[in-house]
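Everything on this sheet refers to the single structure shown next.
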Amino acid sequence: MEEAESFAVEANELVWTNNEFGGSDNRFRFLADAIPHKVWTSGPDGKATYYNQGWYDYMHIQNFAELRAKIWDILHPDDLAIAMVEYPQALATGREKQMEHRFRRHDGVYRWHLTRFIPHKNEKGDIVVWVGTSTDIHEQKLAQQALQASEAHFKALTFYNSLPIWQMNANGRLVFVNDAWRAWSGIEMEEAIADPVSRIHPDDRDRVTHEFQNLFAEKLPMQLKLRYKNAEKDEYRWILDNAHPVFNPDFDGYIGTMTDIHEQEQSRLTIQQLMKKKDDFLAIASHELKTPITSMKASMQILDKIISGRYSAEKSGSFISMANKQVDKLMAIVTDLLDVSKIQSGKMQLNKTSYDFNESIRECVAETMLHDPAHEILLSKTGPAAIRADKLRIEQVIVNLLSNAIKYSPAGSPIHVKIEQKSTEIKCSVTDQGIGVPAEQQPFLFDRFYRVDDSSAMFPGLGLGLYISSEIVKKHQGKIGLFSEVGKGSTFWFTLPLDE
């Protein structure tokens, strides 16, 4: 039993390491390089494992090892001591950390940055990766320092500053906003005074109001992360509302700025989703591998007792058959995993031949009904249709769609298979009367490892079949898609070019 569990875990880790980051890591790197922030990741020990292009451009360094070796050297001497205390403290406590400090650019200029690093933990609560972002807030920082020094300087600077800037008096009343604030929010100061939370996302209002009131009462600096309605894009965007108390010498209110961190926050949420997808896959794969191995072991133990004479040999055939079925399940899982590996590495080869597509469909339907006679599969009658394709791979797609239709449909309900031949292509549709797929989840159904919410608890599988089918169809210059309605069923279809 322990060997089976060990095999499952090792197989899962191997697949994830070699396959998942083959796709997801590329998407993460693309996103990280596209946003105007410096992004980095590290292991649980805090040692960096990745820097996005923003770091290489900032330091004019091309080599990862050189960048990692020099990253601490570019911290301003006045900020280094604090960072060397705060960073290890965050690693030790496993808590999110945020700090402001200056990094030296390649031309020797120090610029202020807001750095945030967040731990991602597995189901056991162990940290598996730290994700950090450093946002250039140099102009914002200089603006705040200047504003705190002089009210006159503040007025001159804020009017021409591109950052949205606001000022509040000691009574908590808004007394000033600059033009950038008006343009970004789309409202005048009087409207904000009348209803200060109207532009805040409804889900953030109570939290932000509570945090603001507590910090204001204590006259402490504020760094509030929230979603605020942006006028230009007419959408809620994540912002960091950064404010400092003003004393002249008594408490005189706050001066604050709003920094758009929407892309930064979206990238963080994307990373969290990718990590969750990995964790979900590992849990499902462990179960899917462990179940047939456990069943096989039980059958083998009974057969061993039969051979030793402790059990009757009359039912040995059924136990052998049961063990063979579990071997077939394991082979199917391993085949799917190998197919994913081939797809990600670009090593899936197609052995194309010319054959009758309709005859191949009939063979797949007959084979499926032989294994699952509980469902009637109704095939529309059409004439011969010649295609040039990898017959085994296309039949893999057909069988997968038929198996899914059976899996997610009530027992005894019919499955309809329709073939439509057009001038340059042929279309195959499989329609069931099953549970259906919610509209918001349909765009992701052909993604690798994707499972419809709560389906893993009811239906077995790794969530690889549709992804593999999609890639096979695409490699044949075809298309694949679905129409579905919750509670009424689904129609999965794909097209292939005819043999010219």
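For the stretch 255-262, the Karplus equation 6.51 cos²θ - 1.76 cosθ + 1.60, evaluated at θ = phi - 60°, returns couplings of 10, x, 10, 10, 10, 6, 10, 4 Hz by residue, with Gly and Pro reported as x.
Just in the stretch 197-253: which chymotrypsin sites (Phe, Trp or Tyr not before Pro) are loop by DSSP and have at most 11 other Cβ atoms within 10 Å? Don't skip to the answer; put the middle values down first.
Values: sites: Phe212, Phe216, Tyr228, Tyr236, Trp238, Phe247, Phe251; in loops: none.
Here no loop site has a sparse enough neighbourhood.
Length gain on complete extension for the stretch Leu80 to Lys233, per 0.36 nm per residue less the alpha carbon to alpha carbon distance?
Details: separation 153, 0.36 × 153 = 55.08 nm, distance 3.89 nm.
Separation in residues times 0.36 nm, less the Cα-Cα distance, equals 51.2 nm.
Extension gain for the segment Ala69 to Lys342, taken as residue separation times 0.36 nm less the Cα-Cα distance, is 94.7 nm to one decimal. Proximity of backbone amide H atoms, modeled 1.01 Å from N, is registered between Tyr236 and Asn230 at under 5 Å, excluding neighbours fewer than 5 places apart on the same chain. Looking at the stretch 375-450, the trypsin sites (Lys or Arg not before Pro) that sit in a DSSP loop and have at most 10 other Cβ atoms within 10 Å of their own Cβ are Lys381, Lys422. Given a Förster radius of 56 Å and the C-beta distance between Phe159 and Gln477 as r, what FRET efficiency does 1/(1 + (r/R0)^6) yield to the nearest 0.05? Given R0 = 56 Å and the Cβ-Cβ separation, E is 0.45. Using R0 = 51 Å, the C-beta based FRET efficiency linking Asp45 and Asn169 works out to 0.60.
Stretched out straight at 0.36 nm per residue, the stretch from His106 to Glu395 would grow longer than its current Cα-Cα span by 98.3 nm.
Any read-out appearing in this document is the output of simple, stated calculations on the displayed coordinates, not a laboratory observation. None of the values given here were measured: they were computed from a predicted structure. Glycine also receives a Cβ, built like all others from the backbone with ideal geometry; neighbour counts cover every protein chain displayed.
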